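Here the structure is laid out as structure tokens; the discussion comes afterwards.
The values are calculated or read from the model by the stated rules, or taken from the named source; none is laboratory data. As the structure is a prediction and not an experimental result, all values here were calculated from the model. Glycine gets a Cβ as well: all are built from the backbone with ideal geometry, and neighbour counts include every protein chain shown.
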Amino acid sequence: MMFQALKQEYKKDDNKIEKVILIMDNDECLGAWSIASGMYNIFAKYIPTNTGIKVSTCKKVFKKCLVKHYLANGGARPGTKDTLRLAKYYKDNCSIDKVIMFTSAKNTNKWVIFLKECLEMYAGVEGLYDLVLHKDNSESKLSPDGSTMKCMNMVRKKLKYNKESKIIMIDDKPQNIVGDGIRVSVSEYRHIVEEKYISNMIDDILETLQMNYKPVNGVKTFSPIILKNIVKNIILVDSNGLKKDIKDNIQIHMCALDQLDDTSLITNCAMTFINNISPIKLNKSSTNNNQTSFKLKRSISL
């Protein structure tokens, strides 16, 4: 595992203890969520309304299946699991004080909170995030590209931290970050999960929910076939309402199919900690690749 290899490169310097805040973006940074967010609305609204199954049950089943079939097959960016585990390792060793999620997405039907829980489940780091900031609670201005302007000083204020608190923020749009701190830039991640994994996820969800099905007013309204068609309509439709193959739907979801080997997130994250957090030192044996170090340092700006 990459995480284990990276973890072995660090040792703690107890003479220098400085706590920091780690902020991570979500959309196009930790993963590609366009399809997942559309499906979430079905399981947060349509299914409970038409089956009598509790919203909490639908979300619980959807979360487990989303992690198993979607996040594990390219929905989550390669390296995201290692990054979250690395953050947990630093937090447990008191090198990170707080871990924050800061996203431009709206928290409609508590979608952002749900996705945060999925990421924690996926990496096995439940409770990692201390604060979740989104479009509905950050009071942030919009940037020219429509995303949220993310102010690191505003995060300090919400946490009631002083100006000297060190902040490291990972984002695919570092130009939209303002305030005092270290920006780590990663490429936009827009991979789209293959249709076979989506179909397997839907089948898994439906099979599980069948056991919880209760007719509404004595009438059976829950049809697995109808549901499967509804989900596929969300995924496989263009702007004119015409069905398309997922691979032809790249422009609709603004996704790409060639990023499964993108590991810059975990590498940049790890190197930023090494270079900028006092308690962590890199063993001499790990500084041989000058070319890699040069490339990573270019992505970090103060």
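Taking the conditions (1) closer than 21 Å to Tyr90 by Cβ; (2) of a type outside the set (Val, Ile, Thr); (3) buried (at least 20 other Cβ atoms within 10 Å of the Cβ); (4) in contact with a Leu (Cβ under 8 Å, 6 or more places away or on another chain) in turn, Glu120 satisfies each one other than (3). Looking across the range 173-189 at every residue that is surrounded by 20 or more Cβ atoms within 10 Å (Cβ to Cβ) and charged (D, E, K, R), the one that is nearest to Met152 (Cα to Cα) is identified as Arg183. On inspection, Val186 qualifies as in contact with a helix residue (DSSP H, G or I) (Cβ under 8 Å, 6 or more places away or on another chain), among the hydrophobic types (A, V, I, L, M, F, W, C) and within 17 Å of Asn26 (Cβ to Cβ). Note on the range 142-163: among residues that are out of contact with any Asp or Glu (no Cβ under 8 Å at 6 or more places or on another chain) and crowded, with 19+ Cβ neighbours inside 10 Å, the one that is modelled with the lowest pLDDT is Ser147. The residue that is nearest to Asn268 (Cα to Cα), counting only those in the range 187-217 that are among the acidic types (Asp, Glu) and free of Cβ contacts under 8 Å to residues at least 60 places away in the same chain, is Glu195. Elements of the type helices (runs of 4 or more DSSP H) sitting completely within the range 164-273 and holding at least 1 residues that are in contact with a strand residue (DSSP E or B) (Cβ under 9 Å, 6 or more places away or on another chain) and at pLDDT 65 or above: these cover 224-235. Scanning the range 131-163 for residues that are over 23 Å from Lys110 (Cα atoms) and in a loop (DSSP other than H, G, I, E, B) yields a count of 7. More than 16 Å from Leu22 (Cα to Cα) and of a type in the set (A, V, I, L, M): does that describe Ile192? Against the criterion (more than 16 Å from Leu22 (Cα to Cα) and of a type in the set (A, V, I, L, M)), Ile192 qualifies.
Does Ile198 fit the bill of being over 23 Å from His134 (Cα atoms) and hydrophobic (A, V, I, L, M, F, W, C)? When the stated conditions are applied, Ile198 passes them.
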